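Peer 1: Input: one structure, supplied below.
The values are calculated or read from the model by the stated rules, or taken from the named source; none is laboratory data. Quick caveat, the model's predicted, so the values are computed rather than measured. Glycine gets a Cβ as well: all are built from the backbone with ideal geometry, and neighbour counts include every protein chain shown.
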Amino acid sequence: MGDSRWSGEARYQALLAVAQAANSRLDLSSVLDAVAAALSDLVPIDGIGVMTREGQTLRPLAIHHRQEPRRDDESPRDYVRRVTDAAGLERERPLEQLTQLERTGQTIVIDDAQNDPRVRDAASVRRNGVRCLVLARLAMGTDFVGGIAFVRMSRSPFSPEEVGILEDVSRPVATAVANALAFEEIQALRARLEDENRALKEEIESSAAAGGIIGASDGLRAVLERVERVAGTDSTVLITGETGTGKEVVARAIHRASSRAGRAMIKVNCAALAEGLVASELFGHEKGAFTGALERRRGRFELAAGGTIFLDEVGDLPAAVQVSLLRVLQDGEFERVGGSQTLRTDARVVAATNRDLKEVVREGGFRSDLYFRLNVFPIHVPPLRERAEDIPLIAEYYARHYARKIGKGIRGIAPSAMARLREARWPGNVRELQNVVERAVILARGVVLDLADFEIGSPGAEARTSTDHGHGADGERHRIEAALAASRGRVSGPEGAAAALGVPPSTLESRIQRLGIDKHAFRRRPSASSR
């Protein structure tokens with residue numbers, strides 16, 4: 001008791017140094033370094049760790065390890081990850097002692113950690129040769145913040161006087177931990193707001209370009225009725241229809257009519273992503289998860305929390321990602337690529353596909369259990385050729401839209417031109433019609449768009465293509481091959497096959513690969529128009 005190390009002055013100076021560090025630093029590792037320095041002449045220790053509980057996992061917040069100091073080029077977060085991973089902490093469930101600490105507030109002192117039944121089975125204790133351990137409570141008033149562990153690798157149990165000093169030191173550390181957690185939450189909220197603002201900007205721009213749902217046909221009215229019925233629920237929706245029918249516009253209509261309209265609708269084009277990046281795009285990744293992963297990145301499911309995630313071309317998801325998506329739909333849980341922390345999302349899922357998913361399931365290319373999870377409320381968008389009465393409304397809308405955008409005084413479309421638009425088969429549907437009208441506005445010399453302004457293929461050839469090849473995979477193959485033949489194998493560009501079909505080049509490339517089409521063969525083959 002008379003040991004000068006524990007005198008009032010020495011203890012006061014140690015507490016003052018810790019308090020100053022706790023109140024002046026947000027970096028908890030630096031705070032623990034200051035704690036270790038302040039205790040060096042009072043209580044010999046080999047390591048300090050601050051932890052909290054996050055869901056059902058133990059979350060290490062900061063580490064001071066005498067034998068594994070932080071490198072000069074290492075950030076505090078990377079240091080904690082390296083040391084805790086080496087110690088096995090990230091793979092442990094919450095220590096029962098942490099729960100006990102929260103419940104009772106009593107400091108836990110363990111003199112022989114290797115044999116004490118309370119901690120001897122903990123991987124971090126065994127792996128690091130921890131011999132003696134003091135676990136003290138961190139609290140702000142009555143609010144439990146976490147725990148702080150002081151360890152020794154030698155067989156030198158902590159004396160009651162040493163435990164008392166460690167308890168005193170823990171109090172200002174609790175303030176530093178609470179401040180750091182609050183700052184982390186503020187940073188996370190700020191990053192989330194920035195991401196949501198970016199997503200909302202994309203949504204507004206996309207919505208303005210899409211022009212909303214246009215038409216008055218029976219087929220479209222049936223679609224709108226189903227949209228109205230499902231929008232007020234959180235049910236998963238599967239929108240089917242050919243390329244260019246407006247599936248994304250329908251998805252946005254569902255989102256806007258839902259209680260989630262105040263949050264963003266996050267879009268993911270599953271067919272436009274490289275196979276190895278789909279999981280990272282959907283679920284995010286940790287720093288170092290793969291080559292090029294220079295920092296942690298939140299995935300689309302995290303960004304869509306409280307809102308809607310739109311999975312376009314969901315039928316093109318790789319098999320491994322289908323498993324992860326099924327888990328999200330069943331349990332609302334996922335992990336970032338390269339991470340072990342289980343995250344939750346309440347994002348509503350709206351998916352779309354131009355493929356016959358039932359047929360793909362039969363062929364083994366899509367999981368049946370995932371299909372049934374997605375197909376809770378199906379909405380089929382009919383092709384434009386089945387609602388010809390909507391063509392004049394759509395064409396007039398886009399004529400006005402692009403005339404304003406380009407700065408031309410277009411007043412309408414000539415009857416002869418409109419009749420030709422109605423006769424066309426439109427294999428690219430609304431998107432193809434939109435492109436044709438935009439091109440006509442650019443070419444127009446007068447104030448009325450006449451037949452000469454429109455570049456439309458032969459209606460007889462279009463009709464034969466639709467009749468002969470149907471609407472399934474064979475029909476898709478023939479449409480793509482016809483477009484490739486006309487473009488001499490070119491996919492991108494204004495004269496490319498993607499523009500003719502009204503789809504993004506990346507989407508067309510994915511379908512060419514899926515169908516096993518040799519696009520290079522068409523570069524050696526004369527087009528029908530040149531024969």
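Peer 1: Quick one: what pairs do we get from the range 269-280, first residue on the phi < 0 side of the Ramachandran plot and outside any loop (DSSP other than H, G, I, E, B), second at pLDDT 90 or above and small (Gly, Ala, Ser), C-beta under 7 Å, 6+ apart or different chains?
Peer 2: Between residues of the range 269-280 that are on the phi < 0 side of the Ramachandran plot and outside any loop (DSSP other than H, G, I, E, B) and residues that are at pLDDT 90 or above and small (Gly, Ala, Ser), the close pairs are ALA279/SER324.
Peer 1: It is to be established whether one or more residues within the range 248-265 are basic (Lys, Arg), under 30 Å from ALA388 (Cα atoms) and out of contact with any strand residue (DSSP E or B) (no Cβ under 7 Å at 6 or more places or on another chain).
Peer 2: yes
Peer 1: Here's something else I'd like to know. Only residues that are farther than 20 Å from ILE254 by Cα and more than 15 Å from the chain's Cα centre (by Cα): list them for the range 296-324, please.
Peer 2: Within the range 296-324, GLY315, ASP316, PRO318, ALA319, ALA320, VAL323 meet the criteria.
Peer 1: Just to verify a result, which residue in the range 118-141, among those that are assigned to a loop (DSSP other than H, G, I, E, B) and at pLDDT below 80, is farthest from LEU39 (Cα to Cα)? So that I can check it myself, show each step before the final result.
Peer 2: Initial filter on the range 118-141 (assigned to a loop (DSSP other than H, G, I, E, B)): 118-122, 129-131, 141.
Right, trim to at pLDDT below 80 and you get 118-122, 129, 141.
Details: ARG118: 26, VAL119: 25, ARG120: 26, ASP121: 29, ALA122: 26, GLY129: 21, GLY141: 25 Å.
Across the range 118-141, the extreme among qualifying residues is ASP121.
Peer 1: Would you point out the residue of the range 342-366, among those that are among the aliphatic types (A, V, I, L, M) and in contact (Cβ under 8 Å) with a residue 40 or more places away in the chain, that is surrounded by the fewest Cβ atoms within 10 Å (Cβ to Cβ)?
Peer 2: To start, the set of residues in the range 342-366 that are among the aliphatic types (A, V, I, L, M) comprises 343, 347, 349-352, 357, 360-361.
The next check asks that each one be in contact (Cβ under 8 Å) with a residue 40 or more places away in the chain; those that pass are 343, 347, 349-352, 357, 360.
Details: LEU343: 19, ALA347: 23, VAL349: 23, VAL350: 30, ALA351: 28, ALA352: 26, LEU357: 21, VAL360: 17.
Ranking the qualifying residues of the range 342-366, first place goes to VAL360.
Peer 1: Something else now. Which pairs have Cβ atoms under 6 Å, sit 6 or more apart or on different chains, and link a residue in the range 317-341 that is assigned by TED's automatic domain parsing to the domain that holds LEU374 and more than 15 Å from ASP369 (Cβ to Cβ) to one that is among the basic types (Lys, Arg) and not in a helix (DSSP H, G or I)?
Peer 2: Pairs found: GLY332/ARG344; GLU333/ARG344.
Peer 1: When you check ALA176 against the structure, is it over 13 Å from VAL43 (Cα atoms), touching a helix residue (DSSP H, G or I) at 6+ places or on another chain (Cβ under 7 Å) and in a helix (DSSP H, G or I), yes or no? Steps first, please.
Peer 2: Details: over 13 Å from VAL43 (Cα atoms): yes; touching a helix residue (DSSP H, G or I) at 6+ places or on another chain (Cβ under 7 Å): yes; in a helix (DSSP H, G or I): yes.
So ALA176 fits the description; yes.
Peer 1: Against the condition crowded, with 20+ Cβ neighbours inside 10 Å and touching a residue at least 40 places away in the same chain (Cβ under 8 Å), how does PHE144 come out, does it pass? Lay out the reasoning, then the answer.
Peer 2: Working: crowded, with 20+ Cβ neighbours inside 10 Å: no; touching a residue at least 40 places away in the same chain (Cβ under 8 Å): yes.
Here the answer is no, as PHE144 does not meet what is asked.
Peer 1: Among the residues of the range 319-332, are any closer than 30 Å to LEU515 by Cβ, of a type outside the set (D, E, K, R), at pLDDT 90 or above and in a strand (DSSP E or B)?
Peer 2: So far as the range 319-332 goes, no, none of its residues is closer than 30 Å to LEU515 by Cβ, of a type outside the set (D, E, K, R), at pLDDT 90 or above and in a strand (DSSP E or B).
Peer 1: How do the helices (runs of 4 or more DSSP H) wholly within the range 1-109 filter down when requiring 1 or more residues that are modelled with pLDDT of 75 or more and in the same structural domain as ARG137 (by TED's automatic domain parsing): which remain?
Peer 2: Values: elements: 8-24, 28-39, 76-87, 96-104.
Once the helices (runs of 4 or more DSSP H) in the range 1-109 are filtered for at least 1 residues that are modelled with pLDDT of 75 or more and in the same structural domain as ARG137 (by TED's automatic domain parsing), what remains is 8-24, 28-39, 96-104.
Peer 1: Could you tell me whether PHE158 is in contact with a Cys (Cβ under 8 Å, 6 or more places away or on another chain), buried (at least 21 other Cβ atoms within 10 Å of the Cβ), touching a residue at least 40 places away in the same chain (Cβ under 8 Å) and on the phi < 0 side of the Ramachandran plot?
Peer 2: yes
Peer 1: Still on this structure: Just give me the residues in the range 391-423 being among the acidic types (Asp, Glu) and under 36 Å from the mean Cα position of the chain (by Cα), in sequence order. Walk me through it before giving the result.
Peer 2: Step one: of the range 391-423, the residues among the acidic types (Asp, Glu) are 396, 423.
Residues satisfying the conditions do not exist here.
Peer 1: I've got another one for you. Run down GLY299, GLY284, GLY306, GLY276 and say which single residue is surrounded by fewer than 17 Cβ atoms within 10 Å (Cβ to Cβ), among the small types (Gly, Ala, Ser) and modelled with pLDDT under 90.
Peer 2: Values: GLY299 fails: surrounded by fewer than 17 Cβ atoms within 10 Å (Cβ to Cβ); GLY284 fails: surrounded by fewer than 17 Cβ atoms within 10 Å (Cβ to Cβ); GLY306 fails: modelled with pLDDT under 90.
Exactly one residue qualifies, and that residue is GLY276.
Peer 1: Give the range 367-392 a look and list any residue that's touching a strand residue (DSSP E or B) at 6+ places or on another chain (Cβ under 6 Å) and crowded, with 19+ Cβ neighbours inside 10 Å, or say none. It would help to see each step written out before you state the result.
Peer 2: First, pick out the residues of the range 367-392 that are touching a strand residue (DSSP E or B) at 6+ places or on another chain (Cβ under 6 Å): 374-375, 377-380.
Result: LEU374, ILE379.
Peer 1: Can you find, within the range 357-390, the residue that is nearest to ILE214 (Cα to Cα) among those that are charged (D, E, K, R) and within 26 Å of the chain's Cα centre (by Cα)?
Peer 2: From the range 357-390, those charged (D, E, K, R) are 358-359, 362-363, 367, 369, 373, 385-387, 389-390; that's our starting set.
Remaining after also requiring within 26 Å of the chain's Cα centre (by Cα): 367, 369, 373.
Values: ARG367: 34, ASP369: 34, ARG373: 30 Å.
It comes out as ARG373.
Peer 1: Additional query: For the range 333-352, how many residues meet the condition of being modelled with pLDDT of 95 or more and of a type outside the set (A, V, I, L, M)? Write out each step before concluding.
Peer 2: Going through the range 333-352, the residues modelled with pLDDT of 95 or more turn out to be 348-352.
Checking the rest, the ones that are also of a type outside the set (A, V, I, L, M) come to 348.
Residues in the range 333-352 being modelled with pLDDT of 95 or more and of a type outside the set (A, V, I, L, M): 1 in total.
Peer 1: Scan the range 287-296 for residues that are free of Cβ contacts under 8 Å to residues at least 12 places away in the same chain and either β-branched (Val, Ile, Thr) or surrounded by 15 or more Cβ atoms within 10 Å (Cβ to Cβ) (or both) and report the count. Lay out the reasoning, then the answer.
Peer 2: Applying the first criterion (free of Cβ contacts under 8 Å to residues at least 12 places away in the same chain) to the range 287-296 yields 291-292, 294-295.
Next, from what is left, pick out any that are either β-branched (Val, Ile, Thr) or surrounded by 15 or more Cβ atoms within 10 Å (Cβ to Cβ) (or both): 291.
Within the range 287-296, residues that are free of Cβ contacts under 8 Å to residues at least 12 places away in the same chain and either β-branched (Val, Ile, Thr) or surrounded by 15 or more Cβ atoms within 10 Å (Cβ to Cβ) (or both) number 1.
Peer 1: Could you tell me whether any residue of the range 352-364 is under 20 Å from LEU329 (Cβ atoms), assigned to a strand (DSSP E or B) and polar (S, T, N, Q)?
Peer 2: Yes: the range 352-364 contains one or more residues that are under 20 Å from LEU329 (Cβ atoms), assigned to a strand (DSSP E or B) and polar (S, T, N, Q).
Peer 1: Residues in the range 402-417: is at least one among the basic types (Lys, Arg), outside the structural domain of ALA231 (by TED's automatic domain parsing), over 19 Å from GLU248 (Cα atoms) and crowded, with 18+ Cβ neighbours inside 10 Å?
Peer 2: Just the residues of the range 402-417 that are among the basic types (Lys, Arg), to begin with: 404-405, 408, 411.
If we keep only those that are outside the structural domain of ALA231 (by TED's automatic domain parsing) too, we end up with 404-405, 408, 411.
Going one step further and asking which of them are over 19 Å from GLU248 (Cα atoms), we end up with 404-405, 408, 411.
Then keep just the ones that are crowded, with 18+ Cβ neighbours inside 10 Å; that gives none.
No, because not a single residue in the range 402-417 is among the basic types (Lys, Arg), outside the structural domain of ALA231 (by TED's automatic domain parsing), over 19 Å from GLU248 (Cα atoms) and crowded, with 18+ Cβ neighbours inside 10 Å.
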